[in-house]
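The values are calculated or read from the model by the stated rules, or taken from the named source; none is laboratory data. These figures come from a predicted structure and were not determined experimentally. Here the Cβ positions follow ideal geometry from the backbone for every residue, glycine too, while neighbour counts run over all protein chains shown. Each accessible area value is taken on the protein alone, full model and side chains, heavy atoms only, with ligands, DNA and RNA left out. Shrake-Rupley method; radii C 1.70, N 1.55, O 1.52, S 1.80 Å.
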Amino acid sequence: MRIGLYNPHLATLGGGERYFLAVLEEALRLPDAHVTLLSPERPDPPSWRRLGIEIADSSFEWSTAADEAAVTALSPQLDLLFAMVNEVPPRSDAHRSIAMVQFPHRSHTGPRARLLRALRVSRAPAALASYERFICNSEFTRRHIRERLGVDAVVVPPPVELPSAAPVSKESLILAVGRFFRGLHSKNQHVLLDALDALDAPGWRLVLAGGGDDLDYVEEVRRRADGLPAELLVDVPRDELVELYSRAALFWHAAGHGQDERRHPERLEHFGITTVEAMAHGAVPLVFPAGGQAEVVEDGRTGVWWRTPSELAAQTKDLVEDKPRRERLGAAAREEARRYSPERFRAAVRELVLGA
């Protein structure tokens, strides 16, 4: 079985790339699979360890795909093309084609799109029609795929490794995990520091961990953290990150804050895998309730919602002072995270993507 997996942003190493590589892992388990990665840049398997992914570079082949036309040209050779995109995927001539849409950044169903279709200068109709199935990471994303692309998708949430042992004794530690960058669906670490500045909780500290995608923003956040009980850990190794999850009592997440969900839903958190990772380790998540985060965390049962930095500080103080409630929410969060087990993801990929 000849399988091609296309990702134009493979070097980004975010949550989407971890999802993509988890699909690659499952494809490589097929005994008769001949797997080729399609991407603009040569894959770098050692860098995938940051995402907790261990795949030998000898287990797959690579073919350069500088643009969508290159993917289309290669597709007739494939029994299956799996494309991960943020837009309309490349037109495919593979025997079977499945697209994972992380989030459609613009509409292909509005007046301008309808005009382009009428003029027969839009590639969208033929490209979308060449795929038998679309998948996505959340109901939030599914809704906007339907609105912006005019197709339906099946929700397959990303997998989260569940710790085998019960959480260790928690420390007075607040953790936030996410890449450091401005724009798009920024994780807004500077907003979290505003909340920390307002938090009255002696002995508690905040750790901001994530990839240093935007070094200017990293320095901006570092300056804002000066004088606060906060630490920045940039490009932290995966094993150290897992240890932080195990020690943290609380988890903060601010993606989507300050955005207009109606006008710019693409700027919200589409799912929020780091939140689920924290929940799996029994940390109580305090999240801005927009996009996929409102699906992942149920306010008052598996975590807490907040809408302003001052409210985040107040909600955090309440949890700091109420250990039984903190432990109750942490236990519920850990149980909820079981919904995202690797076993469920693998079963869904085998059925919906690989057809195995």
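Checked against the criterion of being surrounded by fewer than 22 Cβ atoms within 10 Å (Cβ to Cβ), at pLDDT 95 or above and not aliphatic (A, V, I, L, M), the candidates ARG247, ARG262, ARG182, ARG238 yield just one match: ARG247.
The residue list LEU196, LEU192, LEU173, LEU241 contains one member that is more than 30 Å from GLU132 (Cβ to Cβ), of a type outside the set (Asp, Glu) and in contact with a helix residue (DSSP H, G or I) (Cβ under 6 Å, 6 or more places away or on another chain), which is LEU173. The set of residues in segment 250-259 that are surrounded by fewer than 24 Cβ atoms within 10 Å (Cβ to Cβ) and either free of Cβ contacts under 8 Å to residues at least 12 places away in the same chain or small (Gly, Ala, Ser) (or both) contains only GLY258. With respect to ALA290, determine if the residue is part of a loop (DSSP other than H, G, I, E, B) and either more than 30 Å from ASP79 (Cβ to Cβ) or over 23 Å from the mean Cα position of the chain (by Cα) (or both). The answer is yes for ALA290.
Residue by residue, here is whether (1) at pLDDT 95 or above; (2) of a type outside the set (Gly, Ala, Ser); (3) open to solvent by less than 50 Å² (accessible area, probe 1.4 Å); (4) farther than 14 Å from VAL353 by Cβ holds:
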site: TYR6; (1), (2), (3), (4): yes, yes, yes, no
site: TYR19; (1), (2), (3), (4): yes, yes, yes, no
site: LEU24; (1), (2), (3), (4): yes, yes, yes, no
site: ASP57; (1), (2), (3), (4): no, yes, no, yes
site: ASP67; (1), (2), (3), (4): no, yes, no, yes
site: GLN77; (1), (2), (3), (4): yes, yes, no, yes
site: ASN86; (1), (2), (3), (4): no, yes, yes, yes
site: LEU119; (1), (2), (3), (4): no, yes, no, yes
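Only one of the numbered conditions (1) free of Cβ contacts under 8 Å to residues at least 40 places away in the same chain; (2) open to solvent by less than 10 Å² (accessible area, probe 1.4 Å); (3) in a helix (DSSP H, G or I) is violated by ARG222, and that is (2). Scanning segment 26-55 for residues that are of a type in the set (Ser, Thr, Tyr) and touching a strand residue (DSSP E or B) at 6+ places or on another chain (Cβ under 8 Å), which turns out most open to solvent (accessible area, probe 1.4 Å)? Filtering first and then ranking leaves THR36. So which residues in segment 249-272 are of a type in the set (Lys, Arg) and either closer than 21 Å to LEU206 by Cα or in contact with a helix residue (DSSP H, G or I) (Cβ under 8 Å, 6 or more places away or on another chain) (or both), if there are any at all? Scanning segment 249-272 gives no hits. Do we have any residue at all in segment 160-175 that's part of a helix (DSSP H, G or I), surrounded by 19 or more Cβ atoms within 10 Å (Cβ to Cβ) and of a type outside the set (A, V, I, L, M)? Scanning segment 160-175, I find no residue that is part of a helix (DSSP H, G or I), surrounded by 19 or more Cβ atoms within 10 Å (Cβ to Cβ) and of a type outside the set (A, V, I, L, M), so the answer is no.
When THR274, THR316, THR308 are checked against the criterion of being crowded, with 22+ Cβ neighbours inside 10 Å and over 24 Å from GLY14 (Cβ atoms), THR316 stands alone in meeting it.
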